[in-house]
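The structure appears below as C-alpha coordinates.
The values are calculated or read from the model by the stated rules, or taken from the named source; none is laboratory data. Keep in mind that what you see is a predicted model, and the values were worked out from it rather than measured. Here Cβ is always computed from backbone atoms with ideal geometry, including for glycine, and neighbour counts include all displayed protein chains.
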(Lines give C-alpha, C1' and ligand atoms only; values in the text may rest on other atoms or scores of the structure.)
Protein backbone atom coordinates (compact mmCIF):
# COMPACT_ATOMS: atom_id res chain seq x y z
CA UNK A 1 0.00 0.00 0.00
CA UNK A 2 2.87 2.33 0.89
CA UNK A 3 4.50 1.55 -2.47
CA UNK A 4 1.26 2.34 -4.30
CA UNK A 5 0.94 5.66 -2.49
CA UNK A 6 4.50 6.55 -3.46
CA UNK A 7 3.81 5.69 -7.10
CA UNK A 8 0.64 7.80 -7.09
CA UNK A 9 2.47 10.68 -5.42
CA UNK A 10 5.24 10.52 -8.01
CA UNK A 11 2.70 10.32 -10.86
CA UNK A 12 0.85 13.37 -9.53
CA UNK A 13 4.11 15.28 -9.20
CA UNK A 14 5.10 14.31 -12.75
CA UNK A 15 1.74 15.44 -14.17
CA UNK A 16 1.92 18.68 -12.17
CA UNK A 17 5.47 19.37 -13.43
CA UNK A 18 4.50 18.69 -17.04
CA UNK A 19 1.49 21.00 -16.67
CA UNK A 20 3.65 23.86 -15.41
CA UNK A 21 6.23 23.28 -18.14
CA UNK A 22 3.50 23.54 -20.79
CA UNK A 23 1.97 26.66 -19.22
CA UNK A 24 5.32 28.44 -18.96
CA UNK A 25 6.90 27.16 -22.19
CA UNK A 26 5.41 29.97 -24.27
CA UNK A 27 7.57 32.78 -25.61
CA UNK A 28 6.25 36.00 -24.10
CA UNK A 29 6.86 39.76 -24.21
CA UNK A 30 5.58 41.69 -21.21
CA UNK A 31 5.41 45.42 -20.48
CA UNK A 32 4.02 45.34 -16.93
CA UNK A 33 2.07 47.89 -14.97
CA UNK A 34 4.54 48.55 -12.16
CA UNK A 35 3.46 52.05 -11.24
CA UNK A 36 5.77 55.02 -11.83
CA UNK A 37 8.64 52.91 -13.05
CA UNK A 38 9.84 50.88 -15.99
CA UNK A 39 10.29 47.22 -16.74
CA UNK A 40 10.20 44.84 -19.68
CA UNK A 41 10.35 41.04 -19.58
CA UNK A 42 11.02 38.67 -22.44
CA UNK A 43 10.86 34.90 -22.15
CA UNK A 44 12.41 33.07 -25.10
CA UNK A 45 12.18 29.33 -24.49
CA UNK A 46 13.80 29.01 -21.04
CA UNK A 47 15.80 32.25 -21.15
CA UNK A 48 14.49 35.10 -18.99
CA UNK A 49 15.60 38.57 -20.15
CA UNK A 50 14.64 41.67 -18.17
CA UNK A 51 15.19 45.37 -18.88
CA UNK A 52 14.73 47.45 -15.70
CA UNK A 53 12.75 46.33 -12.65
CA UNK A 54 11.01 49.46 -11.37
CA UNK A 55 11.00 50.46 -7.71
CA UNK A 56 8.04 48.57 -6.22
CA UNK A 57 9.11 45.21 -4.79
CA UNK A 58 5.80 43.39 -4.77
CA UNK A 59 4.85 44.51 -8.26
CA UNK A 60 7.99 43.14 -9.92
CA UNK A 61 7.67 39.82 -8.04
CA UNK A 62 4.02 39.45 -9.06
CA UNK A 63 5.00 40.31 -12.63
CA UNK A 64 7.64 37.58 -12.75
CA UNK A 65 5.15 35.07 -11.38
CA UNK A 66 3.08 35.62 -14.53
CA UNK A 67 5.83 34.30 -16.79
CA UNK A 68 7.89 31.98 -14.55
CA UNK A 69 6.94 28.76 -12.74
CA UNK A 70 7.03 28.98 -8.96
CA UNK A 71 9.99 26.64 -8.70
CA UNK A 72 12.28 28.68 -10.95
CA UNK A 73 14.51 31.04 -8.97
CA UNK A 74 16.95 32.51 -11.48
CA UNK A 75 17.08 35.30 -14.05
CA UNK A 76 19.44 34.87 -16.98
CA UNK A 77 19.98 38.44 -18.20
CA UNK A 78 19.09 41.71 -16.50
CA UNK A 79 19.81 45.12 -18.02
CA UNK A 80 19.47 48.20 -15.85
CA UNK A 81 19.17 51.18 -18.18
CA UNK A 82 20.50 53.73 -15.68
CA UNK A 83 20.57 54.28 -11.91
CA UNK A 84 17.33 56.18 -11.37
CA UNK A 85 15.50 54.49 -8.51
CA UNK A 86 12.29 54.02 -10.51
CA UNK A 87 14.26 51.79 -12.87
CA UNK A 88 16.31 49.67 -10.47
CA UNK A 89 15.37 50.01 -6.79
CA UNK A 90 13.33 46.78 -6.68
CA UNK A 91 16.51 44.89 -7.59
CA UNK A 92 17.56 45.17 -3.95
CA UNK A 93 14.55 42.98 -3.08
CA UNK A 94 14.56 40.89 -6.26
CA UNK A 95 18.09 39.58 -5.74
CA UNK A 96 17.01 38.07 -2.43
CA UNK A 97 14.36 35.99 -4.23
CA UNK A 98 16.13 35.18 -7.50
CA UNK A 99 19.67 34.43 -8.59
CA UNK A 100 20.75 37.12 -11.08
CA UNK A 101 23.14 35.37 -13.46
CA UNK A 102 24.19 38.33 -15.63
CA UNK A 103 23.77 42.03 -14.83
CA UNK A 104 24.36 44.32 -17.81
CA UNK A 105 24.89 48.03 -17.17
CA UNK A 106 26.48 51.20 -18.46
CA UNK A 107 29.79 51.71 -16.65
CA UNK A 108 28.89 55.34 -15.90
CA UNK A 109 26.05 54.04 -13.71
CA UNK A 110 28.63 53.17 -11.06
CA UNK A 111 28.98 56.87 -10.28
CA UNK A 112 25.79 56.44 -8.27
CA UNK A 113 26.94 55.35 -4.81
CA UNK A 114 23.92 53.29 -3.80
CA UNK A 115 23.71 51.57 -7.17
CA UNK A 116 27.44 50.76 -7.13
CA UNK A 117 27.04 49.20 -3.67
CA UNK A 118 24.25 47.00 -4.99
CA UNK A 119 26.34 45.98 -8.01
CA UNK A 120 29.23 44.99 -5.73
CA UNK A 121 26.86 42.99 -3.56
CA UNK A 122 25.61 41.07 -6.61
CA UNK A 123 29.16 40.53 -7.86
CA UNK A 124 30.13 39.01 -4.50
CA UNK A 125 27.17 36.63 -4.82
CA UNK A 126 28.41 35.35 -8.18
CA UNK A 127 26.54 37.59 -10.61
CA UNK A 128 28.55 38.34 -13.74
CA UNK A 129 28.75 42.10 -14.31
CA UNK A 130 28.95 43.20 -17.95
CA UNK A 131 29.52 46.78 -19.11
CA UNK A 132 27.57 47.42 -22.30
CA UNK A 133 28.55 49.86 -25.00
CA UNK A 134 27.11 51.03 -28.30
CA UNK A 135 26.87 48.31 -30.99
CA UNK A 136 27.18 45.41 -28.53
CA UNK A 137 24.96 42.44 -29.39
CA UNK A 138 23.26 39.86 -27.19
CA UNK A 139 21.98 36.75 -28.95
CA UNK A 140 20.06 33.83 -27.45
CA UNK A 141 17.66 31.35 -29.06
CA UNK A 142 15.42 33.38 -31.43
CA UNK A 143 16.28 36.72 -29.86
CA UNK A 144 18.69 39.48 -30.90
CA UNK A 145 19.38 42.47 -28.66
CA UNK A 146 21.38 45.33 -30.19
CA UNK A 147 22.75 48.19 -28.04
CA UNK A 148 22.23 51.58 -29.71
CA UNK A 149 23.00 54.10 -26.97
CA UNK A 150 24.84 55.79 -25.35
CA UNK A 151 27.65 56.59 -27.78
CA UNK A 152 29.50 58.73 -25.21
CA UNK A 153 29.13 60.08 -21.68
CA UNK A 154 26.42 62.75 -21.51
CA UNK A 155 26.19 65.47 -18.86
CA UNK A 156 22.52 64.69 -18.17
CA UNK A 157 22.20 61.24 -16.59
CA UNK A 158 18.96 60.41 -18.41
CA UNK A 159 20.85 60.55 -21.70
CA UNK A 160 23.24 57.88 -20.43
CA UNK A 161 20.35 55.40 -20.44
CA UNK A 162 21.08 52.15 -22.24
CA UNK A 163 18.79 52.06 -25.27
CA UNK A 164 18.40 48.69 -26.98
CA UNK A 165 16.65 47.37 -30.06
CA UNK A 166 15.38 43.81 -29.90
CA UNK A 167 13.87 41.29 -32.24
CA UNK A 168 12.27 37.90 -31.62
CA UNK A 169 10.54 36.09 -34.45
CA UNK A 170 8.43 38.70 -36.26
CA UNK A 171 8.26 41.14 -33.33
CA UNK A 172 10.69 44.03 -32.83
CA UNK A 173 10.91 46.45 -29.92
CA UNK A 174 12.80 49.56 -28.85
CA UNK A 175 13.54 50.02 -25.13
CA UNK A 176 14.52 53.59 -24.35
CA UNK A 177 15.05 54.13 -20.61
CA UNK A 178 14.83 57.86 -19.89
CA UNK A 179 16.65 59.14 -22.99
CA UNK A 180 15.79 62.76 -23.78
CA UNK A 181 15.92 65.00 -26.85
CA UNK A 182 19.69 65.53 -26.81
CA UNK A 183 20.46 61.81 -26.81
CA UNK A 184 17.92 61.15 -29.56
CA UNK A 185 19.08 64.02 -31.76
CA UNK A 186 22.82 63.47 -31.25
CA UNK A 187 22.89 59.68 -31.57
CA UNK A 188 19.73 57.59 -31.74
CA UNK A 189 18.44 59.29 -34.88
CA UNK A 190 21.27 57.76 -36.92
CA UNK A 191 19.67 54.33 -36.42
CA UNK A 192 16.35 55.30 -38.03
CA UNK A 193 16.93 53.06 -41.05
CA UNK A 194 17.20 50.04 -38.73
CA UNK A 195 14.34 51.11 -36.47
CA UNK A 196 11.67 52.20 -38.96
CA UNK A 197 8.43 50.30 -38.53
CA UNK A 198 9.41 48.82 -35.15
CA UNK A 199 6.53 46.79 -33.71
CA UNK A 200 6.63 48.24 -30.18
CA UNK A 201 8.11 51.51 -29.00
CA UNK A 202 8.70 51.82 -25.28
CA UNK A 203 8.39 55.61 -25.18
CA UNK A 204 11.08 57.27 -23.03
CA UNK A 205 10.77 58.65 -19.52
CA UNK A 206 7.18 57.70 -18.71
CA UNK A 207 5.73 59.93 -21.42
CA UNK A 208 7.81 63.06 -20.84
CA UNK A 209 7.58 65.88 -23.37
CA UNK A 210 11.32 66.42 -22.91
CA UNK A 211 11.89 63.25 -24.94
CA UNK A 212 9.54 64.15 -27.77
CA UNK A 213 11.46 64.62 -31.03
CA UNK A 214 8.63 64.92 -33.52
CA UNK A 215 10.47 64.06 -36.74
CA UNK A 216 12.21 61.06 -35.14
CA UNK A 217 9.06 59.42 -33.84
CA UNK A 218 7.12 60.29 -36.98
CA UNK A 219 9.71 58.51 -39.16
CA UNK A 220 10.10 55.70 -36.64
CA UNK A 221 6.46 54.82 -37.32
CA UNK A 222 5.95 52.22 -34.55
CA UNK A 223 2.84 50.04 -34.58
CA UNK A 224 2.31 50.19 -30.80
CA UNK A 225 3.50 52.86 -28.36
CA UNK A 226 3.80 51.78 -24.72
CA UNK A 227 4.04 54.39 -21.97
CA UNK A 228 4.77 53.09 -18.47
CA UNK A 229 3.79 55.45 -15.68
CA UNK A 230 1.94 55.62 -12.40
CA UNK A 231 1.02 58.21 -9.77
CA UNK A 232 3.57 61.02 -10.04
CA UNK A 233 4.08 64.75 -9.51
CA UNK A 234 5.52 65.40 -12.98
CA UNK A 235 2.33 65.12 -15.02
CA UNK A 236 3.50 61.97 -16.82
CA UNK A 237 2.44 61.09 -19.39
CA UNK A 238 2.39 64.61 -20.81
CA UNK A 239 -0.59 65.65 -22.93
CA UNK A 240 1.68 66.86 -25.73
CA UNK A 241 3.07 63.34 -26.14
CA UNK A 242 -0.34 61.67 -26.07
CA UNK A 243 -1.75 64.16 -28.58
CA UNK A 244 1.19 63.60 -30.94
CA UNK A 245 0.75 59.83 -31.12
CA UNK A 246 -3.03 60.10 -31.35
CA UNK A 247 -2.60 62.42 -34.32
CA UNK A 248 -0.26 59.83 -35.86
CA UNK A 249 -3.00 57.20 -35.37
CA UNK A 250 -0.80 54.94 -33.26
CA UNK A 251 -2.01 52.29 -30.86
CA UNK A 252 -1.30 53.82 -27.44
CA UNK A 253 -0.93 51.49 -24.47
CA UNK A 254 -0.82 53.32 -21.14
CA UNK A 255 -0.01 50.92 -18.33
CA UNK A 256 -1.55 53.23 -15.71
CA UNK A 257 -4.90 52.86 -17.54
CA UNK A 258 -4.66 49.62 -19.52
CA UNK A 259 -2.51 47.49 -17.19
CA UNK A 260 0.01 44.95 -18.47
CA UNK A 261 0.72 44.56 -22.17
CA UNK A 262 1.40 40.86 -22.79
CA UNK A 263 2.22 39.39 -26.20
CA UNK A 264 2.08 35.62 -26.53
CA UNK A 265 4.49 34.90 -29.38
CA UNK A 266 2.85 31.57 -30.05
CA UNK A 267 0.17 33.54 -31.91
CA UNK A 268 0.50 35.77 -34.97
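Scanning the range 150-165 for residues that are assigned to a strand (DSSP E or B) and within 18 Å of residue 131 (Cβ to Cβ) turns up 163, 164. Taking the range 120-143 as the range and being under 18 Å from the mean Cα position of the chain (by Cα), in contact (Cβ under 8 Å) with a residue 24 or more places away in the chain and assigned to a strand (DSSP E or B) as the test, the residues that pass are 129, 130, 131, 138, 140, 143. Scan the range 36-59 for residues that are under 25 Å from residue 205 (Cβ atoms) and either surrounded by fewer than 21 Cβ atoms within 10 Å (Cβ to Cβ) or at pLDDT below 95 (or both) and jot them down. Selection gives 36, 56, 57, 58, 59. The residues of the range 90-108 that are part of a helix (DSSP H, G or I) and either within 18 Å of residue 124 (Cβ to Cβ) or in contact (Cβ under 8 Å) with a residue 60 or more places away in the chain (or both), listed by number, are 91, 92, 93, 94, 95, 96, 97. Of the residues 249, 268, the single one that is out of contact with any strand residue (DSSP E or B) (no Cβ under 6 Å at 6 or more places or on another chain), part of a loop (DSSP other than H, G, I, E, B), surrounded by fewer than 21 Cβ atoms within 10 Å (Cβ to Cβ) and at pLDDT 95 or above is 249. Go through the residues of the range 167-178 one by one and say whether even a single one is out of contact with any helix residue (DSSP H, G or I) (no Cβ under 7 Å at 6 or more places or on another chain) and under 20 Å from residue 238 (Cα atoms). Yes, there is a match, as at least one residue in the range 167-178 is out of contact with any helix residue (DSSP H, G or I) (no Cβ under 7 Å at 6 or more places or on another chain) and under 20 Å from residue 238 (Cα atoms). On inspection, residue 147 qualifies as in contact with a strand residue (DSSP E or B) (Cβ under 7 Å, 6 or more places away or on another chain), without any contact (Cβ under 8 Å) to a residue 24 or more places away in the chain and surrounded by 15 or more Cβ atoms within 10 Å (Cβ to Cβ). Residue-level check: of (1) in contact (Cβ under 8 Å) with a residue 60 or more places away in the chain; (2) at positive phi; (3) touching a strand residue (DSSP E or B) at 6+ places or on another chain (Cβ under 8 Å), residue 54 misses just (1). Checked against (1) out of contact with any helix residue (DSSP H, G or I) (no Cβ under 7 Å at 6 or more places or on another chain); (2) in contact (Cβ under 8 Å) with a residue 40 or more places away in the chain; (3) not in a loop (DSSP other than H, G, I, E, B), residue 231 meets all criteria but (3). A Cβ distance below 6 Å, combined with a sequence gap of six or more or placement on separate chains, defines the contacts here; from the range 152-172, residues that are modelled with pLDDT of 95 or more reach residues that are in a helix (DSSP H, G or I) in the pairs 153/108; 154/160; 159/182; 159/183; 160/108.
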